[in-house]
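To keep things clear, I will list the structure first and then write my remarks on it.
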Amino acid sequence: MNIIIAKDAGYCFGVRDAVNMAYETAEKYGDVYMLGDIVHNERVVSDLEEAGAKVVSSITEIPDNSPVLFRAHGTKTDIWAEAKNKNVKIIDATCPLVHEIHDEVKKLEEEGRQVIIIGDHGHDEVVAIADQVSRPIIVSSPEEAKGLRRFKRAGAVSQSTQMIENVQSILNILVQKVFDFRFINTICFPTKRNHEQIKDLSINCDLMIIIGSFTSANSKRLTELALQRNKETYQVTGKEDLKKKWFLNVKNVGISAGASTPDYLINEVKEQIKIFEKELKDE
């Protein structure tokens, strides 16, 4: 069985940096506090908890002089203000590309434009982007875009992990509704790159395995892209979700993983597939 792992499967640089900062901060101070899970991956959260990373629901729960790590997805402005007013050490692990999106929506509002964010309602990144401006509109689908009223001036950005196909279909509608429209393409490069890789890989493999939490938006999008091209696509959170019967008579297995998936989970899945291959040969 030929096992092909997408070249850039797993952690993007923003997530890798945030996780490393959490480990380094916990080692330096003995613990580190986070407002919610650092990334959308249960295994990473569990491993970090053992290292001293503690999840809290509000700044008030953090002891004085303790470090608070702001996550890769971005943080609301009122939480920034609250943390600055409290005697805590702020460790900013926000992805630099997310910071750029925050800057861009502020510029669009300063230009007098209605700010439109193309993204998933309730997602941490989208919530933080929306909080940077006064009257944002969040649009997740072409159907929602069709329901918008017309605007004289508007500007749009995208959640960093959106599929270009979804963004384009929404833009096709927005340009018909806005007289003076400006779009800033804020889909991040790692997302674009991973989407292109999954498209090629899923066509050339008998079976596709996507590793990632079901709470991870970008993992679900990889699965969706693969499924569109290969019906034998399965999303798993780790090796324990794999089923031996999937690999019967399979010659080429493609593997990719969401941006919140660490390398060790990818390796564990690969090794479990090799075990299944040996067992199937012996049966």
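Computed FRET efficiency, Cβ-Cβ of K106 and E165, R0 25 Å: what is it to the nearest 0.05? All intermediate terms of the calculation are to be shown ahead of the outcome.
Working: r = 28 Å, r/R0 = 1.11.
So, using R0 = 25 Å, E works out to roughly 0.35.
The accessible area of I118, taken with all protein chains in place and a 1.4 Å probe, comes to roughly 0 Å². What is the calculated FRET efficiency for N65 to K192, with r their C-beta to C-beta distance and R₀ = 30 Å, to the nearest 0.05? The pair N65/K192 has a calculated efficiency of 0.10. Here the chain has 49 percent of its accessible surface on carbon and sulfur atoms, given a 1.4 Å probe and all protein chains in place. Let me confirm the definition first: pairs of Lys residues in the range 6-88, 8 or more apart or on different chains, C-alpha distance under 29 Å. How many are there? Lysine pairs, 8 or more places apart or on different chains, close enough: 9. Measuring with a 1.4 angstrom probe and ignoring ligands and nucleic acids, E240 comes out at about 120 Å² accessible. So if we plug the beta-carbon distance of Q176 and S46 into 1/(1 + (r/R0)^6) with R0 = 51 Å, what FRET efficiency do we get, rounded to 0.05? Rounded to the nearest 0.05, the efficiency is 0.60. For K220, the aspartates and glutamates whose Cα falls under 13 Å of its own Cα, not counting residues fewer than eight places away in the same chain, are D120. DSSP beta bridges confined to the range 164-283 are antiparallel in about 0 percent of cases.
So what is log10(I(q)/I(0)) for the range 133-214 at q = 0.17, 0.18, 0.26 1/Å, when the Debye sum runs over its Cα atoms only? Evaluating at q = 0.17, 0.18, 0.26 Å⁻¹ gives log10 I(q)/I(0) of -0.78, -0.84, -1.32.
Averaged per residue, what accessible area in Å² does the range 53-182 show with a 1.4 Å probe, protein chains only?
Details: 6020 Å² over 130 residues.
Normalised by residue count, the accessible surface of the range 53-182 is 46 Å².
Rounded to the nearest 500, the 222 nm mean residue ellipticity of the chain from helices alone is -14000 deg cm²/dmol, with -39,500 (n - 2.57) taken per DSSP H run of at least 4 residues.
Compute the whole-percent fraction of alpha carbon pairs in the range 217-283 spaced more than 15 Å apart. Let's see the in-between values first.
On the way: 1201 of 2211 pairs.
For the range 217-283, the fraction of Cα-Cα distances above 15 Å is 54 percent.
Listed by chain and number, the lysines whose alpha-carbon sits under 22 Å from that of K245, ignoring those within fewer than 8 places in the same chain, are K231, K270, K274, K278, K281. Reported to the nearest whole Å, the Cα centre-to-centre distance from the range 79-124 to the range 8-58 is 20. Approximating the spin labels as points 7 Å out from Cα along Cα→Cβ, the I3-to-K243 distance works out to 2.0 nm. If you bin all the Cα-Cα distances of the range 43-189 at 5 Å, starting from zero, the percentages per bin are 2, 9, 18, 19, 17, 12, 9, 7, 5, 2, 0.
Given the Cα atoms of the range 169-246, and with Rh set as the inverse mean 1/r over their pairs in the Kirkwood sense, what is Rg to Rh to two decimals?
1.12
Above 31 Å lies some portion of the pair distances; for the chain, what is it as a whole percent of all C-alpha pairs? Present the calculation step by step, with values, prior to reporting the outcome.
Details: 14463 of 39903 pairs.
The proportion of pairs with Cα distances above 31 Å equals 36 percent.
The values are calculated or read from the model by the stated rules, or taken from the named source; none is laboratory data. Only a predicted model underlies this, so the values are computations on that prediction, with no experimental measurement involved. For neighbour counting, all protein chains shown are included, and Cβ atoms are generated from backbone atoms with ideal geometry for every residue, glycine included. What goes into the accessible areas is simple: the full protein's heavy atoms, side chains included, and nothing from ligands, DNA or RNA. Shrake-Rupley method; radii C 1.70, N 1.55, O 1.52, S 1.80 Å.
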